Amino acid sequence: MHVLLPDDMEFLVRFTEIENPLLSSLRDYTLMELYLDQAELIRDAFKAWRAIHQRLPAVLKWEKLPEDGAPPQSGGYVLHSPRGKQLTSLYAVEVSPAHLQTLRDCYTMLAGAEQAGYGPLANAVHAVQRTSDNQRKHLLDGYRRVVEVLELKAPYNLVESLKRATPTGPQAPAVGITLNGEEYDSYQKLCKDMVAVLSAGDSFAYLQHGRMYA
């Protein structure tokens, strides 16, 4: 299936954090301290994340922010509304439902352990979040938000239009896409849902984030 992912730093930073520091750090606990089924699910989720990451177009595939805090510049395409206004780009990415389900199952397991507050996995989750270099947000909350964005149903008409704009290789030429009225309505609804997922709980962040897609 195809999902539509935004060229949006808020989403991409949270997506990157699923691998590092969260899952990559939790794997360090898997050899001796976690139960076998927990360790296997964490490893499977790590593989699922990598499989999705490998399918991202180059413009979305970066590992970390440069020192100036700005996302790296790489080729993409230009998206316009029916009236010619430039929009935040979305990219059609093929995602295996099985990989998405694995990420969801792993989140459910980690969140359940955190809520229980005891046991090897709860201790590991607490340690990873406490020692993370990035203290600006709760890592499991970011994980949940990313999975919910991936689970948003992408409108068929919008997917078909934007598949033409998603580069298939590093040398793929940039193109311009102008949405028609129906596609633009689908774009606005999907982006509103994305903002609600990513910025819910912080009214100021929600307002500022929503302006990216207005």
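The values are calculated or read from the model by the stated rules, or taken from the named source; none is laboratory data. Keep in mind that this is a model prediction, so the values were computed, not measured. Cβ sites come from the backbone with ideal geometry, for glycine too, and all protein chains shown count toward neighbours. Side chains included, ligands, DNA and RNA excluded: accessible areas come from the protein's heavy atoms. Shrake-Rupley method; radii C 1.70, N 1.55, O 1.52, S 1.80 Å.
Computed quantities for the displayed model
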| quantity | calculated |
| --- | --- |
| Order by protection proxy (mean Cβ within 10 Å, highest first), peptides 77-89, 143-155, 103-115 | 143-155, 103-115, 77-89 |
| Top positive-direction residue, dipole computed over the chain with Cβ charges, set V159, I52, L100 | V159 |
| Percent accessible area from carbon and sulfur atoms, the chain, protein chains only, probe 1.4 Å | 51 |
| Extension gain, Y206 back to Q54 (0.36 nm per residue minus Cα-Cα distance, nm) | 51.8 nm |
| Value in Å of the Kirkwood radius, where the chain supplies the Cα pairs that are averaged | 18.3 |
| Potential extension, E19-N180 segment - 0.36 nm per residue separation minus Cα distance | 54.3 nm |
| Dipole magnitude of the chain about its Cα centre (Cβ charges: Lys, Arg +1; Asp, Glu -1), debye to nearest 20 | 420 |
| Simple label model, 7 Å out from Cα along Cβ direction - V78 to E40, nm | 5.2 |
| Average accessible surface area per residue within the chain, 1.4 Å rolling probe, Å² | 53 |
| Modelled FRET efficiency - R0 30 Å, A214 with K47, Cβ distances, 0.05 increments | 0.20 |
| Relative contact order of the range 1-63, defined on C-alpha pairs under 8 angstrom at six or more residues apart (%) | 36 |
| Extended-chain gain in nm, criterion 0.36 nm per residue less alpha-carbon gap, N123 and K153 | 7.3 nm |
| Within the chain, helix-based [θ] at 222 nm, where runs of 4 or more DSSP H residues each add -39,500 (n - 2.57), nearest 500 | -16500 deg cm²/dmol |
